[in-house]
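Input: a single structure, listed below in structure tokens.
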Amino acid sequence: MTNTTPRKRLFIRTWGCQMNVYDSARMADVLAPVGYAPAEAPEGADMVILNTCHIREKATEKLFSELGRLREAKAARRAEGGEMVLAVAGCVAQAEGAEITARAPWVDIVLGPQTYHRLPEMVARASRAAGAVIETDFPAEDKFDHLPEAVAPQGVTAFLTVQEGCDKFCSFCVVPYTRGAEFSRPVVQVLAEARRLVAAGAREVTLLGQNVNAWHGEGPDGRDWGLGRLLRALAEIPGLLRLRYTTSHPRDVDDDLVAAHRDLPQLMPFLHLPVQSGSDRVLAAMNRGHTAADFLRTVDRLRAARPDLALSSDFIAGHPGETAPDFEQTMDLVRRVGFAGAFSFKYSARPGTPAAGAPFQVSEADKDARLQALQALLRDQQDAFNRSRVGMTFPVLFTGPGRHPGQVVGRTPWLQPLHLTGPLSLVGTEASVTVLATHPNSLSGLLAAGAASQTVQPEEEPAPA
Ligand code: SAH
Ligand code: SF4
Ligand code: F3S
């Protein structure tokens, strides 16, 4: 007998961090058993989910302009005799649920990040309800116990959430309010999900958490494990060639994590470690819990353990109270560390956070000037780092076809995209590549002479030299 349930089309748009990308995949997983299959576009879809980010102002503006467009798509769907269920998920939903339903009453469901396992039930309720269904409580049950196993294959590189939420309450940040308290997923759940990802073709897994290195849990040995121990257990999974984790907090880099960088070849030599500022005064105002010198010491410990480690970071220009000399200290810190890449942002006052109401807000003009100076320096460092790879030979993990026919694209250990002319059979394997040149957003290279691709499928053809 064939399945007579009509397939419904689901479109999800995702903004924000990698955890939102992961969450969107899990929402698709939870809706698959009730008949929803992925759609390419919102037009004509039976359900549209906007998975939002609240970290800076523009994110909310983008949501409301998208909701304006979707109002028309929804009316068009109705004119065809269909229905479009419109849901807003993610951190804006959590923070501004009431404003969303007031400003956009055509939204059917508003749901916060801790309620995704309840989505099928909310869809059913929305079809009966007169107004919007709103779920922004932090439920007592753990969503990970109620979400189905991650099913949709993510490809050669995959994300795995191990930790969520934040108890650190930096002065500027909404995350503790939108994601709730710090929570670590149990070891067995993480290892099982990693094995499933590898069975579905993943060769690189990035562990995700708002404070991923605050992760801890009871291991099978009855001891409390930290992230370093978890990484060691993950490194034993056959076929899992590469491990990464993000985002770390400088306060939680313990000795075992540093030792994992020394001991595990699978742990890639690239770490995103946000510092935000190089001024101790500003770091204290931000409630970061560390000084610039603490950060530099942490960098030294990591580089001593793994000399080829490259770093990226996040910076905020113009936090309330930041003076020109404070900003110069940030520039100094950047010069001393030398980053391979970085994200930098103008301070954006977020409602409900302590910094939003603080005295001595920095003028837009000063924020702009500082951000430009910082970004120019960081761009130079990134270019220098990329150029320093030219002529080097190292393993690249191939992830898919390149933009041009006959090309494949992959990732270096330092997360740079690299393309070369080569067969598609390289995808899913790691092979040694010599870098020939740098381009604005990537590197190009040649398979190294005698390069044998490392694969877990022995029947696959070896890569031609
Ligand atoms: N948990 C991570 C950061 C998560 S948010 C950490 O502790 O570092 C990602 C980045 O957005 C932050 O590192 C910060 O640089 C930036 N950010 C957060 N709130 C901001 C705000 N109000 N204005 C400007 N940038 C902000
Ligand atoms: Fe936000 Fe600070 Fe928590 Fe990072 S550590 S998520 S910046 S409050
Ligand atoms: Fe944005 Fe929420 Fe991630 S505010 S950055 S989507 S945790």
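All of the numbers you see were taken from the coordinates with simple rules; none came from a lab. Everything numeric here is computed off the predicted structure, so don't read it as measured data. Don't worry about glycine lacking a Cβ; one is built from the backbone with ideal geometry, like all the others, and counts go over all protein chains shown.
Explain nothing, just the number: dipole magnitude of segment 143-388 about its Cα centre with +1 on each Lys and Arg Cβ and -1 on each Asp and Glu Cβ, in debye rounded to the nearest 20. Kindly include the intermediate steps, with their values, before the conclusion.
Details: 28 positive and 30 negative charges, 79 e Å.
Charge dipole, segment 143-388, about its Cα centre: 380 debye, nearest 20.
Each label was represented as a point 7 Å from its Cα along the Cα-to-Cβ direction; for S65 and A98 these points are 2.8 nm apart.
Between F270 and A310, the built amide H atoms are under 5 Å apart, and every one of these is 5 or more places off in sequence or on another chain. Here the 3J(HN,Hα) profile of segment 185-192, calculated from phi with Karplus coefficients 6.51, -1.76 and 1.60 at θ = phi - 60°, is 6, x, 3, 4, 5, 5, 5, 5 Hz, Gly and Pro shown as x. Among A233, P307, Q154, which residue has its Cα furthest toward the positive end of the charge dipole of the chain, with +1 on Lys/Arg Cβ and -1 on Asp/Glu Cβ? Sorting the options by dipole projection puts first Q154.
Taking amide H as placed 1.01 Å from N in the peptide plane, the amide H of L443 sits under 5 Å from that of L418, H419, each at least 5 places away or on another chain. Globularity index of the chain is 1.02 (Cα radius of gyration / 2.2 N^0.38 Å, N = number of residues).
In order along segment 384-390, the phi-based Karplus estimate (6.51 cos²θ - 1.76 cosθ + 1.60, θ = phi - 60°) of 3J(HN,Hα) comes to 5, 5, 4, 4, 5, 7, 4 Hz; Gly and Pro are listed as x. Applied to segment 426-432, the Karplus parametrisation 6.51 cos²θ - 1.76 cosθ + 1.60 on θ = phi - 60° returns per-residue 3J(HN,Hα) values of 5, 4, x, 10, 9, 9, 7 Hz, with x for Gly and Pro. Shown for the chain: cysteine residues without a partner Cβ closer than 4.7 Å, namely C17, C53, C91, C166. From the alpha carbon centroid of segment 280-326 to that of segment 329-380 is 12 Å.
Past the 32 Å Cα-Cα mark, which pairs from K58/K168; K143/K346; K74/K346; K62/K143; K8/K62?
Details: K58/K168 24 Å; K143/K346 34 Å; K74/K346 36 Å; K62/K143 28 Å; K8/K62 26 Å.
Listed pairs above 32 Å: K143/K346; K74/K346.
Summarising the amide proton neighbourhood of E218: residues at separation of 5 or more, or on other chains, whose placed amide H is nearer than 5 Å comprise V187, W225. In this label model, Q18 and E218 are separated by 3.0 nm, measuring between points 7 Å along each Cα→Cβ vector.
Computed from Cα atoms alone, the Kirkwood hydrodynamic radius reported for segment 143-388 is 19.2 Å. Per residue, the convex hull spanned by the alpha carbons of segment 393-447 comes to 66 Å³.
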